[in-house]
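What follows is a single structure, written as structure tokens, with notes after it.
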């Protein structure tokens, strides 16, 4: 089965976007890559934005589309990615594949090696900290909340408040991830609903297009309603 490709193009200025300067070359590179590996470009997203910025909506849509269909993100040139670690972190967290036509050897494995080094350093720090705490405990030092008098009324109230905030933050993170996965579909869903389409009609249209939900399932009226609530809460 041919690999499904989602192409992402970026030009730095509005003039480049309007004239096609730089854009046509990126499109040509992506098409050549697809032909060489027997893949199919099923959608493309074009950004007119500086590479120094990480808040790029078209990139978010491309990433969301690739993740939902289990496809691969294809970028013509490595410098089309962000010039910071935000995009790399997103790649590692979201776990999808991408390829740069001008440097096909740069992939998630390369990024994973860099992450392993950082993880090893963190483990070394953690091991030293645990050893120091174990030595203190062996000397009879009581640590953390086991210390006598630790749980005052104020401290317990602060702990409960922190627990509540943590739960709220966890819910916000789950909502944010769902929005990211549906970034390319939410505007269309919202517009269709505003135009009077029923929830089931929207679900049927998405299923006809083979568009999975954020969890990779088929759409239903209930899942469309949940997606619409995401747009309000997000």
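Values as computed for the structure displayed
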| quantity | calculated |
| --- | --- |
| Selection count, region 1-32, where residues are at pLDDT below 85, in a helix (DSSP H, G or I) and surrounded by fewer than 16 Cβ atoms within 10 Å (Cβ to Cβ) | 5 |
| Residue match in region 168-184 (condition: free of Cβ contacts under 8 Å to residues at least 60 places away in the same chain and not in a helix (DSSP H, G or I)) | no |
| Condition met for residue 175 (in contact with a helix residue (DSSP H, G or I) (Cβ under 8 Å, 6 or more places away or on another chain), more than 25 Å from residue 56 (Cα to Cα) and surrounded by 12 or more Cβ atoms within 10 Å (Cβ to Cβ)) | no |
| Failed criterion for residue 211 (all others in (1) at pLDDT 85 or above; (2) in a helix (DSSP H, G or I); (3) closer than 17 Å to residue 61 by Cα hold) | (2) |
| Some residue of region 220-228 being surrounded by 10 or more Cβ atoms within 10 Å (Cβ to Cβ), at positive phi, at pLDDT 80 or above and in a loop (DSSP other than H, G, I, E, B) | no |
| Sole exception among (1) at pLDDT 70 or above; (2) surrounded by 14 or more Cβ atoms within 10 Å (Cβ to Cβ); (3) within 21 Å of residue 29 (Cβ to Cβ) for residue 104, by number | (2) |
| Residue 66 vs. criteria modelled with pLDDT of 90 or more, part of a helix (DSSP H, G or I) and within 19 Å of residue 3 (Cβ to Cβ) | no |
| Cβ-Cβ under 8 Å pairs, at least 6 apart or on other chains, region 123-139 side assigned to a helix (DSSP H, G or I), far side modelled with pLDDT under 80 | 133/143; 136/143; 137/143 |
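The values are calculated or read from the model by the stated rules, or taken from the named source; none is laboratory data. Note that the structure is predicted; figures quoted are calculated from it, not measured. Here Cβ is always computed from backbone atoms with ideal geometry, including for glycine, and neighbour counts include all displayed protein chains.
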